[in-house]
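Just so you know, all these numbers are worked out from the coordinates, no wet-lab data involved. Everything quoted here is computed from the prediction, not taken from an experiment. We place every Cβ from the backbone using ideal geometry, glycine too, and count neighbours over all the protein chains shown.
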Amino acid sequence: QVLSDVFNAPVYTMDTANSACLGSAYRAIHGLVAERNVSLADVVKSAPEPRLAVTPTAGSEELYRPLLKRYAELEQKVIYNPTSSC
């Protein structure tokens, strides 16, 4: 629920073990066939169907939008000046 609220997006899950590994494998396949202009969407057509797990809580966008902006600003400071303190 937290991811859905923070990013104001629905979260889907897949009924498969090691789904992160599965995603990495699909990306690797995509890399192998990229020179043939095969899209990632075409590569993952054989993936198990995702199911909707949660949707954003009403009003959470107003809470998290300014925090995400601030986080992005701090991240940029670290990336462009890693020796400074935030």
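With R₀ set to 22 Å, the beta-carbon distance separating R27 from T55 gives a calculated FRET efficiency near 0.25.
To the nearest ten degrees, helix 60-80 and the longest principal axis of the Cα atoms of the chain are 90 degrees apart. Of the labelled figures (1) 31, 22, 11; (2) 24, 17, 12; (3) 28, 14, 11, only one reflects semi-axes √(5λ) of the Cα gyration tensor in Å as derived from the coordinates, namely (1). How many angstrom separate the Cα center of segment 40-70 from the Cα center of segment 1-23? Measuring centre to centre over Cα atoms gives 7 Å.
The residue list S39, A58, L3 was ranked by how far each Cα lies along the charge dipole of segment 1-80 toward its positive end, using unit charges on Cβ atoms, and S39 comes out on top.
Counted residue by residue at 0.36 nm each, then reduced by the alpha carbon distance between them, the extension gain from A17 to Q1 reaches 3.7 nm. Residue separation times 0.36 nm, minus the C-alpha to C-alpha distance between V44 and Q76: what's the value? Gain on stretching V44 to Q76: 8.3 nm.
Evaluate the charge dipole of the chain about its Cα centre and quote only its size in Debye, nearest 20, assuming +1 on the Cβ of each Lys and Arg and -1 on the Cβ of each Asp and Glu.
Numbers: 8 positive and 9 negative charges, 34 e Å.
For the chain, the charge dipole is close to 160 debye.
Identify the residues of segment 1-45 with backbone N under 15 Å of a label point that sits 7 angstrom from the Cα of L68 along the Cα-to-Cβ direction, or state none. What the label zone holds, given the 15 Å backbone N cut-off, is 1-12.
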